[in-house]
Amino acid sequence: MPADMKFTRFAVLALVGCFAFIATVSAQTSYQPSAPQFELAALAPTPPMGWNSWNKFACNVSEQLIRGMADAMVKSGMKDAGYKYIVIDDCWQVSRDQDGNIVADPQRFPSGIKALADYVHSLGLKFGIYSDAGYRTCAGRPAGRGHEYQDAARYASWGVDYLKYDWCNTTTQDAKASYALIRNALNASGRPIVLSICEWGTAKPWLWGEQVGGNLWRTTGDIQDRFEGKLKWGNGTCCSYGMTAILDEQVGLASYAGPGHWNDPDMLEVGNGGMTDTEYQSHFSLWAELAAPLIAGNDMANMRPEIRDILTNKEVIAVDQDPLGHEGTRVAKDGPMEVWSKQLSNGSRAVVLFNRDSKPREITATWEELGYPSHLSAAVRDLWQKKDLGEFTGKFSAQVASHGVVMVTVKP
């Protein structure tokens, strides 16, 4: 081979290698969130607790409704139980002005979003809002694509504390890059804002959500108010999930969750009428066991006492909010009978005996399944009956109602 051809080939290879190196560095750095002025982990050291408008009210949102729900969070005892975020979901926005600023519906929010956020803050609560990474939201409203920094600055000026960022109408966008972009924009706003990644689990956000500065990320499609099953949407795409279908999707994800970054199995349906109170108690218990965000979605101003008692059970909430930040795991399964265990900061375990069957079952949790030696003596407390059950050695058994749970702590 002539010397000049060897040189040309070498130059081409070197140039290709250089471009490959640049591309690799670019790929590695384009996803990195910029340095915030605050600790991201401090935004959500425990799973966020609050309320979101979508599950009950969908697009029927207004200033009057949101003020009423904020009032109800205080009066019902939910604030005292730990709930603090009031989040408006889709349909609050109608257009962009001549400067590209997002515009709230002037008919439904005549006082503007800042005044509404100020009211929520005046009650000692925090305020959240919704947008989407694509060109349009899921309801067809203006979304964030191409306006990330402009929107983040506007949200910060309004006093937003929490942003739910959806994934409709995103075409060929890269999820990881899109969520890194909105986190960078939020950081640049100078206001500490929780980022809720609502990507539905399609791109496995548990693998990269913490890296791009997400505080919580959806692990599945949308929950619907029923006990089990998956249903395709009207357009044939998959799927809406019953409560147990979502629960099954959480198996294997526990290691990705922890203080500041949480797996999100979607919002609570407790109180919306599609399940029995027994099933709602199971729903709430299992979400607490999963260290899931507890985002209520019911009409807080018109709760039955039984629903209020489920949503405000402080002993169950304490399991969800335990500062160790471990997500519970399924440690035993025998047909419809399951045992879930969650390590707590005091060395004890929160244990859920869950019966999916259509008839009552006796379910047993052994100490070995919980990570304890069999000879250990441990105190067991029932978190729904709110009473101590005594000392047990080696195992604990209980009769569990159909579609129900028995939730206990086991403390050596």
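The values are calculated or read from the model by the stated rules, or taken from the named source; none is laboratory data. Bear in mind the structure is a predicted one, so any value in this text is a computation, not a measurement. All Cβ positions, even for glycine, are placed from backbone atoms using ideal geometry, and neighbour counts span all protein chains on display.
Observations, loosely collected:
- For first residues located in region 231-251 and farther than 23 Å from residue 281 by Cβ, partners that are part of a helix (DSSP H, G or I) and lie 6+ apart or on another chain with Cβ distances below 9 Å form the pairs 239/245.
- Tallying residues that are in contact with a Lys or Arg (Cβ under 9 Å, 6 or more places away or on another chain) and either more than 19 Å from residue 213 (Cα to Cα) or buried (at least 22 other Cβ atoms within 10 Å of the Cβ) (or both) within region 151-164 yields 8.
- Of residues in region 266-283 being part of a loop (DSSP other than H, G, I, E, B) and not small (Gly, Ala, Ser), the one farthest from residue 293 (Cα to Cα): 276
- Considering residues of region 250-298 that are farther than 25 Å from residue 65 by Cβ and polar (S, T, N, Q) only, the residue nearest to the chain's Cα centre (by Cα): 263
- Members of region 57-69 found to be surrounded by fewer than 22 Cβ atoms within 10 Å (Cβ to Cβ) and assigned to a helix (DSSP H, G or I), listed by number: 57, 63, 64, 65, 67, 68
- Within region 310-357, tally of residues that are surrounded by 18 or more Cβ atoms within 10 Å (Cβ to Cβ) and acidic (Asp, Glu): 4
- Unmet criterion (only one of (1) of a type in the set (Gly, Ala, Ser); (2) out of contact with any Ser or Thr (no Cβ under 9 Å at 6 or more places or on another chain); (3) closer than 25 Å to residue 406 by Cα) for residue 236: (3)
- Screening residue 316 on (1) out of contact with any strand residue (DSSP E or B) (no Cβ under 7 Å at 6 or more places or on another chain); (2) in the same structural domain as residue 78 (by TED's automatic domain parsing); (3) of a type outside the set (Gly, Ala, Ser) shows it passes everything except condition (1).
- Any hit, region 287-296, residues being of a type outside the set (Gly, Ala, Ser), outside any loop (DSSP other than H, G, I, E, B), surrounded by fewer than 17 Cβ atoms within 10 Å (Cβ to Cβ) and on the phi < 0 side of the Ramachandran plot: no
- Meets criteria (farther than 26 Å from residue 300 by Cα, assigned to a helix (DSSP H, G or I) and either among the hydroxyl-bearing types (Ser, Thr, Tyr) or not assigned by TED's automatic domain parsing to the domain that holds residue 217 (or both)) for residue 157: yes
- Flag if residue 400 is surrounded by 20 or more Cβ atoms within 10 Å (Cβ to Cβ) and among the β-branched types (Val, Ile, Thr): yes
- Applying the criterion of being within 16 Å of residue 310 (Cα to Cα) and touching a strand residue (DSSP E or B) at 6+ places or on another chain (Cβ under 8 Å) to the residues of region 70-80, the residue that is surrounded by the most Cβ atoms within 10 Å (Cβ to Cβ) is 73.
- Count of residues meeting criterion [within 25 Å of residue 40 (Cα to Cα) and not polar (S, T, N, Q)] in region 222-279: 15
- When restricted to residues that are without any contact (Cβ under 8 Å) to a residue 40 or more places away in the chain and part of a loop (DSSP other than H, G, I, E, B), region 347-403 contains 7.
- Residue 371 among the small types (Gly, Ala, Ser) and in contact with a helix residue (DSSP H, G or I) (Cβ under 7 Å, 6 or more places away or on another chain): no
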